[in-house]
Amino acid sequence: MAKFVLAGRADCPYYAKAELLADYLQKNLPDFQVYKIVQHPNVWEEWLKDLCEKNKWSHKNSPIIWRELLDRGGKGLLLGGYNEFLEHAQLYYGVTTNMTTELMKLIAQENLEAHIENKLEKETLKDLIDPLQVWITSASTPACYSLIPILTSGEVFGTHTEMSITLFDNKQAEENLQIIAADVQDLVPPLLRSVSVCTRAEEAFLQAHVVIILDEPTDKEVYTLEDSIRSRVPLCRLYGSLLEKNARDSVRVIVGGKNFVNLKTVLLIRYAPSIAHNIVAVALGVEGKAKAALARKLQTSASCIKDVIIWGNISGNVYVDLRKAKIYRYESAIWGPPHFSRPVLSLVFDSDWISREFVANLNEVTATGKHFRGMLAAHSIATTLKHWYHGSPPGEIVSLGVLSEEIFNHLCWNSSINNAVSGQFGIPEGIVFSMPVKFENGTWVVLTDLEDIEISEQIMTRMTSDLIREKHVALGDLITFQPYQTETENTTLAATDDNQENQEVSEEHEANIHTD
């Protein structure tokens with residue numbers, strides 16, 4: 001079978017004549033096939049030059065015609081231009097053409113008009129396929145560099161979901177944002193429709209489907225803890241109003257950072273109430289650090305450890321709960337199929353290591369913000385978004401900072417903190433708190449039906465008091481911030497056993513973690 005490729009400039013009369021001859025041959029000869037390529041006059045010369053360089057051909061005019069030899073193991077055999085194609089048709093098929101010059105020009109003009117119309121139609125259809133609009137705030141921060149390649153890989157939103165990314169930051173960071181945008185374009189990610197830069201606050205979050213809140217830069221010196229807390233309010237108020245005004249109704253907002261993550265999240269919820277359920281805080285960074293520490297102790301992979309629960313203040317007073325933690329594919333005397341698991345606490349025989357070294361390690365993580373640096377921060381955000389869009393693994397517990405809402409729960413305790421109403425697990429209503437959830441059907445659900453995870457009133461008070469006081473200081477209800485005081489200096493938070501006796505022992509080794 002003869003397979004020919006006919007390429008030419010859209011307004012070329014000789015391409016029109018060659019096209020008519022090729023159509024006739026294809027219609028009347030069962031073993032003749034032709035594939036046509038039409039290029040706009042503005043791009044024809046460059047396209048032809050690239051084609052000839054690639055195939056080591058010498059040809060300068062329109063049209064160019066070659067024969068495909070794929071069935072013979074070759075790339076293609078250059079035939080030439082219109083004259084060579086006409087000679088080939090006369091010699092092999094006894095066919096010629098007597099098209100007049102006027103008709104050639106008329107068809108060439110029709111070809112050009114049809115090409116332009118077809119291109120416009122394709123652009124229109126492309127625009128109808130609405131890409132996912134992803135906004136990243138404080139995009140000049142290091143975490144953004146590691147985050148973008150993951151977002152555009154197809155692993156987070158799906159292998160067929162195109163996206164447009166907007167890098168948002170202040171005017172002083174514009175040059176850095178342009179450099180990041182250029183680097184992203186150099187990657188040529190197939191799912192990225194566009195990457196742009198925005199430094200005008202009034203334009204932020206336009207048509208956003210996803211907004212990722214990274215750590216905001218510090219523009220001025222902050223001398224007191226109260227000033228540091230209150231400094232979060234103006235930006236959160238601005239972001240909240242812009243989310244309400246500019247973003248999609250179904251926008252999903254994910255908050256990360258080194259300091260006051262829970263506070264920033266609750267402030268955004270306050271100033272963007274219509275999307276309150278779709279504003280969450282990332283807790284997987286702390287969870288990942290905890291799993292990694294356990295994996296090093298047990299000499300296994302961190303990916304084999306599941307169901308570590310992070311309670312409380314993601315960037316502060318946090319409670320690492322190992323009572324539901326399981327380990328899979330662990331090499332020991334007891335072995336089973338891939339779905340077989342064993343409780344982590346049954347394999348960690350050194351309880352002193354958990355109460356001291358393990359907790360001290362996590363203290364440093366939350367106190368210094370190491371859970372929100374570079375790759376770990378990017379991976380935590382991307383994994384949370386992946387769960388949000390595609391669901392978390394069935395039966396697996398995921399930690400997430402969400403708003404505590406008033407519900408009836410048998411685990412509730414009578415809180416005396418500012419007469420707060422109890423929400424899930426007895427957590428005072430109206431604060432953002434890390435707790436166990438699962439993702440399904442594009443949303444998240446708090447796992448209030450988990451058994452044997454009761455938290456004592458003393459520990460709950462310790463975790464919630466600072467969050468409540470932070471919120472009151474930020475909103476001006478309190479002048480000074482007085483951290484919650486306990487009778488013991490060391491108050492490390494790591495739940496390690498189901499029975500009350502061991503629970504009381506762990507309470508003696510719990511530690512408040514403060515960020516400033």
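The ellipsoid that matches the Cα gyration tensor of region 230-363 has semi-axes, each √(5λ) in whole angstrom, of 38, 17, 9, with the longest given first.
The alpha carbons of region 272-312 stretch over 47, 17, 13 Å along the principal axes, in descending order. Given a cut-off of 32 Å, name the pairs among K264/K324; K326/K471; K245/K291; K264/K297 whose C-alpha atoms lie farther apart than that in the structure shown. Result: K326/K471; K245/K291; K264/K297 exceed 32 Å. Protein heavy-atom accessible surface, 1.4 Å probe, per residue over region 1-96: 60 Å². Contact order for region 256-341, expressed relative to its length and based on alpha carbon pairs under 8 Å spaced 6+ residues apart, stands at 22 percent. Projected onto their three principal axes, the Cα atoms of region 134-265 cover extents of 47, 31, 25 Å, largest first.
Among 347-353, 385-391, how do they line up from the highest to the lowest mean number of other beta-carbon atoms within 10 Å? Could you put the intermediate results ahead of the total?
Working: 347-353: 12.9, 385-391: 18.6.
By packing density, highest mean first, the sequence is 385-391, 347-353.
Over all pairs of different C-alpha atoms, region 263-334 has a mean inverse distance whose reciprocal, the Kirkwood radius, equals 14.1 Å. Highest mean first, the peptides 131-138, 231-238 sorted by other C-beta atoms within 10 Å per residue fall in the order 131-138, 231-238. For the listed peptides 80-93, 305-318, a ranking on the average number of other beta carbons within 10 Å per residue, highest first, reads 305-318, 80-93. Among the protein heavy atoms of region 220-325, carbon and sulfur supply 48% of the accessible surface, probe 1.4 Å, non-protein parts ignored.
Taking only protein heavy atoms and a 1.4 Å probe, the accessible area of region 420-480 is 45% carbon and sulfur.
May I ask for the net charge around Y24, where only other residues with Cβ less than 15 Å from the Cβ of Y24 are counted and Lys, Arg are +1 while Asp, Glu are -1?
Numbers: positive: K17, K27, K36; negative: E19, D23, D31.
Summing Lys and Arg as +1 and Asp and Glu as -1 gives 0.
For the pair region 222-294 and region 183-212, the centres of their Cα atoms are 20 angstrom apart.
The values are calculated or read from the model by the stated rules, or taken from the named source; none is laboratory data. A quick note: this is a predicted structure, and the numbers were derived from the prediction, not measured. Virtual Cβ from ideal backbone geometry, glycine too; neighbours counted across all protein chains shown. Remember, those area values only see protein heavy atoms, side chains included, never the ligands or the DNA or RNA. Shrake-Rupley method; radii C 1.70, N 1.55, O 1.52, S 1.80 Å.
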